[in-house]
Structures are given as structure tokens and as C-alpha cells.
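Please read the structure below before turning to the comments.
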Amino acid sequence: MHTLLIVDDDPDVLATLTRSFRKGYKTLSASGGAAALEILNTQPVDLIICDQRMPDIGGDQVLSHASQVQPESIRILLTGYTDIESLLTCVNDAHIYKYVTKPWDPAELNLSVVRALESLDLKRELDTARELLESAYKDAVVMLCLAAEGKDQDTSSHLYRVQDYTEALALAMDVDADYAEHMGLMSMLHDIGKLATPDAILKKPGALTDEEWEIMKEHSLAGVRILGNNPFYEMAREISAGHHENYDGSGYPKGLIGENIPLSARIVKLADVFDALTTKRPYKEAWSMEDALVNIAAQSGKMFDPNIVAKFKKLYGDGVLSQIKDAH
Ligand SMILES: [Fe+2]
């Protein structure tokens, strides 16, 4: 059931309106601006019908406040006179749905309320559907990565840590929060091309031959092929293609140099290497973060972008890297 808030300092108007919406709605009433603010601060309200001129706090201020604390609410201004300036304030600051002049036509007001609430319900349904879709594709990315990377817990933790190191580094490089979050998610796909690498090479216990190593290196571009051409995965393709490129041009597959390597790939490269160094693998013990950072600093300007290395050191100093490691 929808909740309506009716605000008017005139007791007769307040009673009439409250009565007319009693059926089918939960109605709250306030006999002034201050009482209305109190309700808005404490209870969810779907729609507000608010008088414009009130002795304590005006309707324009009440509705502006509502647009801030409950932005989704539908706001209708009830006005006994036409003060253009105040009306403009309502339109611009309170984003009102409509204004109704006194005396109002009850049938018309009722219809407006019904229509407004229908559109509110539709918007909520769309928001829910969008959230569901968003979580579904994020889960699909994770599932695909886990399937590709092998099934053990160590590997899935690796992916989550790379995701978090990547997001933290992206934020440190001053990209906006949504972009950084997207980069984190896309980082999980960096080795998706290993789906195309034969298990005999991927899981070979000893050192790879030169020929096997060449096949292993193909996972960068195999990932790009697997990731198709959907624009949503553009960054994932950049990361897959570029996460084995080196800043000085000595990497593979293209030998790109410096900022010709996309920022996302330069960031994920560092996140991936740092995590590989600081975790136990079948062929090595886990290094301390300090040792890993010394090694990474020695590769600044060679394997890694010096700016990103500097930001990474700062994240270490701020305790962010330890937090991430402890979280997974
Ligand atoms: Fe890789």
C-alpha cells in the first residue's frame, strides 16, 4: 500500500484531503511545515500533497527537503494563489510532479495521484529488474573466471584479490568510482584466454619448453577472441591483450611501450604480479609484501608504469594492501 503525506495548515483542507485518500492508501497528515519535515525525516513516503503557503515553513521548502531526503517521492504542490517565484523554486529545487490550484477538482487530483503512483511503481520495477540483471552479469563474469582458472579456493582468492588491488589502484590513479569498480570486475577476466591453453601445458609440473611457452603466451589474444565484441567487455579485452605487455616494450604479444598499453592493463599487470609474488604457489613460497614491493620497485619503468608503482607503494603505506589480503 502506498503512503501519502498530506500537509496543510488549514484544518478543513487537511481533513477533506485526508478523508478523500483514506481508501486504498496509508495517509499521514501534517498541519504545518515543521510537522511535515519531522515525518519526512522518519518515515518513507511515496507521495506528498503539500500546501504552498504555511505560517511556519513554506511548501516550497518542505518539498525541496523531500526531494533531498526522499528523492523518489512524488511531490504535488497545492497552491491557493499564483506566486510565480515560489512556484519556480518548487519546480527547480523540489522537482515537483505538478501543482494544483485551490479549489481543486477532487476527481482530477485523485487521477493525478493514481497516475503518479503507477509511474512510481513502474520505475521501482525497472530498478529492481536492472539490479537483478546487473548482479546476474557480475555473477556470470565471476563464474566464468572461476571455471577458467581451475577450481581450487586459492585461485578464486587470487581473482578476488586482483579485483580489489585493481580497483584500489584505479581509484588511486584518480579515475571515477564507477569506472574503478568496472575495472576491478573486468580484471577478473585477465586470464580467460587460458581456457584455450591445453591442460598439459597449463598444469605441467616442471618448466615449460620454448615451444610450450609460446603456446602459453597465446592466452592473451585467445582471451580477446573469447571476449567477443560486446562493448561492455571492451576493457576486459584491453586487459587480456595487454596484461603481459611491459612498460619498456619488452613484453608480449605486441611489445607495446608505455602509455600505448591501456591504463587498465598496466594496472592489472601490477595487481596480478603482486598477488602471484605474495601468495604460495606449488613452485614457490609466499613472499612478504615488503620483498614483493622491492622486486616491483626494481621493475619500475621496465615491467611496470612508474606512476602506478608509486601509487601502489602509497597504498601499501596506507595499509590498503594488507586489508585486501586479509579480506580474502
Ligand atoms: Fe596472463
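Computed over the chain, the per-residue total of -39500 (n - 2.57) for DSSP H runs of n ≥ 4 gives a 222 nm mean residue ellipticity of -18000 deg cm²/dmol, rounded to 500. For Lys26, a cut-off of 13 angstrom between C-alpha atoms picks up these aspartates and glutamates, skipping any fewer than 8 places away in its own chain: Asp46. In this structure, the amide hydrogen of Gly80, modeled 1.01 Å from its nitrogen in the peptide plane, lies closer than 5 angstrom to those of Gln52, Arg53, Lys102, counting only residues at least 5 positions away or on a different chain. Using the Cα gyration tensor of the stretch 201-324, with a ≥ b ≥ c the square roots of its eigenvalues, what is the shape: rounded (a/c below 1.5), prolate (a/b larger than b/c) or oblate (neither)? Verdict is oblate for the stretch 201-324.
Per-atom-type breakdown for the stretch 149-327 gives carbon and sulfur 52% of the accessible area (1.4 Å probe, protein chains only). At q = 0.10, 0.11, 0.15 Å⁻¹ the log10 of I(q)/I(0) for the chain amounts to -0.71, -0.75, -1.06, computed by Debye summation with a single uniform scatterer per C-alpha, solvent ignored. Considering only beta bridges that DSSP places wholly inside the chain, some 5 percent are antiparallel. Within the same chain, aspartates and glutamates fewer than 8 places from Lys217 are excluded, and of the rest, those with a Cα less than 19 Å from its Cα are Glu149, Asp191, Asp199, Glu238, Glu245, Asp248, Asp272. Computed over the chain with a Gaussian network model linking Cα atoms closer than 10 Å, the most mobile of Asp105, Asp46, Asp248 is Asp105.
Taking chymotrypsin sites (Phe, Trp or Tyr not before Pro) across the stretch 220-328, the ones in a DSSP loop with at most 16 further Cβ atoms lying within 10 angstrom of their Cβ are Tyr283. Considering only Ala286, Ala107, Ala236, the Gaussian network model of the chain with Cα springs below 10 Å gives its largest mean-square fluctuation to Ala107. When the chain is treated as a Gaussian network with alpha carbon springs shorter than 10 Å, the biggest mean-square fluctuation among Gly251, Gly184, Gly32 belongs to Gly32. Pairs of C-alpha atoms in the stretch 1-155 farther apart than 27 Å represent 33 percent of all such pairs.
Within straight-line reach of Lys138, meaning a Cα separation under 22 Å, sit the following lysines at least 8 residues removed in sequence or on another chain: Lys151, Lys194, Lys269, Lys325. Based on the Cβ-Cβ distance of Ala177 and Glu134, what FRET efficiency does E = 1/(1 + (r/R0)^6) give at R0 = 22 Å, to the nearest 0.05? Efficiency computed from Cβ-Cβ geometry: 0.90.
The values are calculated or read from the model by the stated rules, or taken from the named source; none is laboratory data. Predicted model, so just to flag it, every value in this text is computed and none were measured. Cβ coordinates were reconstructed from backbone atoms using ideal geometry, including for glycine residues, and neighbour counts include every protein chain displayed. Ligands, DNA and RNA are stripped out before the accessible areas are found, and what is left, the full protein with its side chains, is counted by its heavy atoms. Shrake-Rupley method; radii C 1.70, N 1.55, O 1.52, S 1.80 Å.
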